[in-house]
Amino acid sequence: MTLGNSMNKTVIFVTDSLGSGGAQQVVVELARLFDSSGYRVHIIAIKNECKLTIPKSIDLICLNFKKGLGIYRWLTDLYYCQKLRKIIRKIERQNHVAAIFAHEMFSSFLLGNFKSKSPVFHTIHTNYSEGYLNGKKSGRRFKKLRKLYNQKNILTVSEGIANDLLNNFKVFPKFIQTMYNPFDFENIKELSLNPIDFKEEEFILTVGRFSKEKRHDILLKAYWAANISLPLVIIGDGSIYEKKHLKEMIETLDLTEKVYLAGFKKNPYAWMRRAKLFVLSSDFEGLSNVLIESLICGTPAISTNCPSGPSEILISTPDALSPVGDVEKLSYNIVKFSQNPPEINQADLSRFDSKTILKQYESYIAQLSF
């Protein structure tokens, strides 16, 4: 079932911020998708942070959130909840709102404190058992999260996240569905054709912020053990501590002539296209956009079999997955797949095409709109 004519339809995206993180990029991509399909689109950002480019045709509203302390934190949350409610009610009076999408936890919390006239979908981008509870399955945070998502319409960006929510948190949603992140294949491929400033013709690549869960330390150890001639390029930025630790490891392993810290790149696709192999070494992910983007650019990928996402992406090459933290197996796969890159299954990739994802969104909106 689809919505048919979308010209008079409106959708609202509520997000904690519009920083440069993966979840925020997905919000903007979804907003563009709906906007280009004839919807009127509103983005409400709780925090006044916007590092992403928003089309002028999309209405952007920032609540300028400022965190309260102690007893004032509760009052602050109440104030912004009421502020959000007034904005949404005003939009609903002026338009037929087909759906409201909450992205990130605080946005879901604020939206959960009042009843909207329109269907509300709460989108989860991360594996909460690993990223929020650090493997613990009890305590105050556990109860808070379970209460937050019980009896809600839930969208998860991977099946692994859905299983985590249902099995580990025992959440009972009204509706739950995996909705993969959308990717504009044509735009990614076009951007991948741009030149890069790197003298080596072939190299191994990873892309990810410097943070503990990305496990660049495991990657460096595995790369050192692989003892191959191909240089390793690491694109990303982040924690100063993690970057310092990474540099120290590179020196300790005597890899200063083989490992290149390229920093943040606005267009990583050009690097992905030219890489011989893409490697992900994370402890956990939500979906792992970079794995999909690498495959779209035509570069095969290997990964740790972390929760969640990689096993759902690399379904045609299950041997490209290695146990989390297993240096020996990851090293073996670096050698194996850099020497014999596998064919990329285009049918598998098509699941992530933005046009396919938009049709799925319209179908689920329609189910809850009548």
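The values are calculated or read from the model by the stated rules, or taken from the named source; none is laboratory data. No experiment lies behind these values; they were computed from the predicted model shown. In this analysis, Cβ positions are derived from the backbone assuming ideal geometry, glycine residues included, and neighbour counts consider all displayed protein chains. Note: areas computed on protein heavy atoms with side chains; ligands, DNA, RNA excluded. Shrake-Rupley method; radii C 1.70, N 1.55, O 1.52, S 1.80 Å.
The helices (runs of 4 or more DSSP H) found entirely in the range 317-370 that carry 1 or more residues being crowded, with 18+ Cβ neighbours inside 10 Å are 327-339, 354-369.
Under 23 Å from GLY286 (Cβ atoms) and either in contact (Cβ under 8 Å) with a residue 12 or more places away in the chain or open to solvent by 20 Å² or more (accessible area, probe 1.4 Å) (or both) - does that describe any residue in the range 88-99? Yes, that holds for at least one residue. Name the single residue, out of those in the range 106-133 being open to solvent by 30 Å² or more (accessible area, probe 1.4 Å) and among the polar types (S, T, N, Q), that is nearest to THR178 (Cα to Cα). Filtering the range 106-133 for residues that are open to solvent by 30 Å² or more (accessible area, probe 1.4 Å) and among the polar types (S, T, N, Q), the one nearest to THR178 (Cα to Cα) comes out as THR126. Report yes if GLU213 is open to solvent by 70 Å² or more (accessible area, probe 1.4 Å) and of a type in the set (Asp, Glu), otherwise no. It is false that GLU213 is open to solvent by 70 Å² or more (accessible area, probe 1.4 Å) and of a type in the set (Asp, Glu). Across the range 64-82, the qualifying residues are those that are in contact with a helix residue (DSSP H, G or I) (Cβ under 9 Å, 6 or more places away or on another chain) and surrounded by 13 or more Cβ atoms within 10 Å (Cβ to Cβ), and the one among them that is modelled with the lowest pLDDT is GLY68. When each of TYR241, TYR269, TYR260 is tested for being of a type in the set (Phe, Trp, Tyr) and open to solvent by less than 60 Å² (accessible area, probe 1.4 Å), the lone residue that passes is TYR269. Each residue in the range 288-316 was checked for being in contact (Cβ under 8 Å) with a residue 24 or more places away in the chain, open to solvent by less than 30 Å² (accessible area, probe 1.4 Å) and not in a helix (DSSP H, G or I), and 11 of them qualify.
Looking across the range 184-207, the residues that are of a type outside the set (A, V, I, L, M), more than 15 Å from LEU277 (Cβ to Cβ) and either open to solvent by less than 40 Å² (accessible area, probe 1.4 Å) or touching a His at 6+ places or on another chain (Cβ under 9 Å) (or both) come down to PHE185, SER192. Given the structure, is ILE218 more than 17 Å from ILE250 (Cα to Cα) and either among the polar types (S, T, N, Q) or touching a helix residue (DSSP H, G or I) at 6+ places or on another chain (Cβ under 8 Å) (or both)? Criteria not met by ILE218.
For the range 227-236, check the following and say yes or no: at least one residue is open to solvent by 60 Å² or more (accessible area, probe 1.4 Å) and touching a strand residue (DSSP E or B) at 6+ places or on another chain (Cβ under 8 Å). For the range 227-236, residues open to solvent by 60 Å² or more (accessible area, probe 1.4 Å) and touching a strand residue (DSSP E or B) at 6+ places or on another chain (Cβ under 8 Å): absent.
Among the residues making up the range 180-199, a single one is more than 30 Å from ILE154 (Cα to Cα) and touching a strand residue (DSSP E or B) at 6+ places or on another chain (Cβ under 8 Å): PHE198.
Candidates are the residues of the range 37-63 that are open to solvent by 70 Å² or more (accessible area, probe 1.4 Å) and more than 28 Å from THR356 (Cα to Cα); the one that is modelled with the lowest pLDDT is ASN48. Quickly run through the range 319-350 and pick out the residues that are at pLDDT 95 or above, under 25 Å from the mean Cα position of the chain (by Cα) and over 20 Å from LYS214 (Cα atoms). Scanning the range 319-350 gives a single hit, ASP319.
Restricting attention to the range 40-87, the residues that are part of a helix (DSSP H, G or I) and without any contact (Cβ under 8 Å) to a residue 40 or more places away in the chain total 15. Answer yes or no as to whether LEU255 is over 27 Å from the mean Cα position of the chain (by Cα), in a loop (DSSP other than H, G, I, E, B), crowded, with 18+ Cβ neighbours inside 10 Å and not polar (S, T, N, Q). So LEU255 fails the test.
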